[in-house]
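> Have a look at this one before I ask anything.
The values are calculated or read from the model by the stated rules, or taken from the named source; none is laboratory data. Quick caveat: nothing in here was measured; it's all calculated off a predicted structure. Positions of Cβ are backbone-derived with ideal geometry, glycine not excepted, and every protein chain shown enters the neighbour counts. Note: accessible area is taken over every heavy atom of the protein model, side chains too, but ligands, DNA and RNA are not part of it. Shrake-Rupley method; radii C 1.70, N 1.55, O 1.52, S 1.80 Å.
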Amino acid sequence: MIRAAICDDEPTILDYLHEHISLEFKHQDADIHIDKYTSGKDFLNAHKGEPFDVVFLDIDMPEISGFEIAGHINDISDALIVFVTLHDELVYSSLKFRPFRFIRKAYLDNELPETLESIITETAKRNLDSKFVFQTKSGEAFVDLNNVIYIEIYGHWLRVCLKDGEPLECYGSLTSFEREL
């Protein structure tokens, strides 16, 4: 599941983005949970607790600007940042925050669908990066590394103990697994 946040001080934009993002992810058969924030400080508190995967962020906000928020995001996570703004002239200023995309509010209908497709592709790639292929007695097993508790060796066999499910038994050496991981 992709965890997303929308941070914009305009409630109509929040609702519009929430609706269209939800619909596109449903259409793509992708699972997403979206939180909405009108305050940058509230968003940052939530993000520090459990970082989001994707953040749709207005640049021009009261109290704390979207650029300041993006700086904090980059300090604590690798979330994809999508700036959503009326200020086209800020696109070059935004580059130092490594945004994934820049959407102009005047062109939301045109620019949002491509951005969402790219987010789905990128998050799928990121999830694959946390997968590892183990050669077991019965063939290849693709395992999310976050699901591995530990790997132990006995003889020439390795036992991969998982959080959910039966342990996998693989042939190989611990040294070769260390190198690959």
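> Give the number of residues within the range 1-33 that are touching a residue at least 40 places away in the same chain (Cβ under 8 Å), under 18 Å from residue 44 (Cα atoms) and more than 17 Å from the chain's Cα centre (by Cα).
Qualifying residue count, the range 1-33: 3.
> Separate question: Where residues in the range 36-79 are under 18 Å from residue 11 (Cα atoms) and of a type in the set (Asp, Glu), which of them is least open to solvent (accessible area, probe 1.4 Å)?
The extreme case among them is 58.
> So, in the range 134-148, of the ones that are in a helix (DSSP H, G or I) and touching a strand residue (DSSP E or B) at 6+ places or on another chain (Cβ under 8 Å), which residue ends up most open to solvent (accessible area, probe 1.4 Å)? Please lay out each step first, then the result.
First pass over the range 134-148, keeping only residues in a helix (DSSP H, G or I): 145-147.
With touching a strand residue (DSSP E or B) at 6+ places or on another chain (Cβ under 8 Å) added as a condition, the list becomes 145, 147.
On the way: 145: 63, 147: 30 Å².
Ranking the candidates gives 145 first.
> Would you pick out the residues in the range 95-120 that are out of contact with any His (no Cβ under 9 Å at 6 or more places or on another chain), open to solvent by less than 80 Å² (accessible area, probe 1.4 Å) and farther than 14 Å from residue 83 by Cα?
118, 120
> Mind listing whichever residues of the range 4-62 are within 21 Å of residue 113 (Cβ to Cβ) and in contact with a Cys (Cβ under 9 Å, 6 or more places away or on another chain)?
Once the filter is applied, which keeps residues that are within 21 Å of residue 113 (Cβ to Cβ) and in contact with a Cys (Cβ under 9 Å, 6 or more places away or on another chain), the range 4-62 yields 14, 36, 55, 56, 57, 58.
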